[in-house]
Amino acid sequence: MLLEFIRTHTTLAPVPFVPEVRLFQAEEPIELWEKTEAAGDEQPPPFWAFAWAGGQALARHVLDRPELVGGRGVLDLATGSGLVAVAAALAGAAPVVANDIDPYSLAAAAANAEANGVEVRTVEADVLDTDPEEQVILAGDVFYSRAMAARVLPFLRRAAGRGCLVLVGDPGRAYLPIDGMIKQRSYDVPVIESLESVPVRHTTVWQVTGGR
């Protein structure tokens with residue numbers, strides 16, 4: 001049912017900054033959100049239907065530097081569309097886990113993985129109080145609120161302290177804490193203007209270090 005909804009209300013198309021990857025994407029966020037809620041209970045915004053700037057930057061980064069993830073287990077935290085998970089799999093990561101708490105997101109991630117011919121395992125859970133076993137953790141656009149930042153930062157720093165490679169893609173969201181982060185690369189990423197108020201977002205990939 002979720003897969004049918006996604007395929008009916010989105011279009012499979014290349015990602016602007018990562019054309020190697022095709023995603024089921026929507027053009028109009030409000031209209032899609034209304035359709036999502038009409039299909040059942042109250043739903044979160046359809047983050048899964050768009051290629052956000054942080055995810056595009058992370059996907060570009062791992063595809064351009066496959067040695068970061070090749071042959072390593074990867075967790076794509078708060079996966080949204082699954083863009084970063086798909087890119088990691090295309091870059092040679094294995095196994096790849098796409099994690100989110102939204103079942104629509106995980107259905108989209110599964111559909112997008114299949115469309116790109118890669119294997120991605122989906123996990124519907126809040127993992128922020130756990131210590132996943134993956135060697136690489138990728139997180140795009142996770143610092144969008146104070147509450148989310150307060151929960152996700154300790155998780156990422158804990159993972160980095162265990163020796164994981166932890167990379168964050170972020171277009172300068174208000175709650176991004178750059179202390180203890182190492183800038184890896186910046187990109188000018190095309191985005192949907194109705195979502196971001198601008199056609200391009202300057203977006204940075206950061207490496208998270210352990211500690212406070």
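Conditions (1) hydrophobic (A, V, I, L, M, F, W, C); (2) more than 22 Å from Val97 (Cβ to Cβ); (3) in contact (Cβ under 8 Å) with a residue 24 or more places away in the chain, marked per residue:
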{"position": "Thr122", "(1), (2), (3)": "no, no, yes"}
{"position": "Glu134", "(1), (2), (3)": "no, no, yes"}
{"position": "Leu153", "(1), (2), (3)": "yes, no, yes"}
{"position": "Leu156", "(1), (2), (3)": "yes, no, yes"}
{"position": "Leu176", "(1), (2), (3)": "yes, yes, yes"}
{"position": "Tyr187", "(1), (2), (3)": "no, yes, yes"}
{"position": "His202", "(1), (2), (3)": "no, yes, yes"}
{"position": "Thr209", "(1), (2), (3)": "no, yes, yes"}
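Tell me the residue from Gly82, Gly73 that is modelled with pLDDT of 95 or more and over 13 Å from the mean Cα position of the chain (by Cα), please.
Gly73
Taking Val62 as the residue in question, decide whether it is in contact with a helix residue (DSSP H, G or I) (Cβ under 7 Å, 6 or more places away or on another chain) and part of a loop (DSSP other than H, G, I, E, B).
no
What's the number of the only condition in (1) in a helix (DSSP H, G or I); (2) over 25 Å from Pro190 (Cα atoms); (3) aliphatic (A, V, I, L, M) that Ala93 fails to meet?
For Ala93, the exception is condition (1).
Can we say Ser186 is under 20 Å from Gln56 (Cβ atoms) and at pLDDT below 95?
no
Among the listed residues Ala139, Ala125, Ala160, which satisfies the condition of being among the small types (Gly, Ala, Ser) and crowded, with 22+ Cβ neighbours inside 10 Å?
Ala139
Out of curiosity, is Thr130 crowded, with 20+ Cβ neighbours inside 10 Å, more than 16 Å from Thr209 (Cα to Cα), of a type in the set (Ser, Thr, Tyr) and at pLDDT 95 or above?
It is false that Thr130 is crowded, with 20+ Cβ neighbours inside 10 Å, more than 16 Å from Thr209 (Cα to Cα), of a type in the set (Ser, Thr, Tyr) and at pLDDT 95 or above.
Do you know which of the residues in region 1-17 that are more than 17 Å from the chain's Cα centre (by Cα) and not hydrophobic (A, V, I, L, M, F, W, C) is surrounded by the fewest Cβ atoms within 10 Å (Cβ to Cβ)?
Step by step, filter region 1-17, then rank; the result is Thr8.
May I ask you to verify whether Arg7 is among the basic types (Lys, Arg), over 16 Å from Ser194 (Cβ atoms) and either assigned to a helix (DSSP H, G or I) or modelled with pLDDT under 90 (or both)?
Yes: the conditions hold for Arg7.
Any residue that is more than 13 Å from the chain's Cα centre (by Cα) and either modelled with pLDDT of 95 or more or in a helix (DSSP H, G or I) (or both) - is there at least one of those in region 41-59?
No: region 41-59 contains no residue that is more than 13 Å from the chain's Cα centre (by Cα) and either modelled with pLDDT of 95 or more or in a helix (DSSP H, G or I) (or both).
Inside region 96-108, can you point out the residues that are over 20 Å from Leu68 (Cα atoms) and not in a loop (DSSP other than H, G, I, E, B)?
Asp100, Pro103, Tyr104, Ser105, Leu106, Ala107, Ala108
The values are calculated or read from the model by the stated rules, or taken from the named source; none is laboratory data. The structure presented is a predicted model; accordingly, all values stated were derived computationally and were not measured. Note that we place each Cβ from the backbone using ideal geometry, even for glycine, and neighbour counts take in every protein chain shown.
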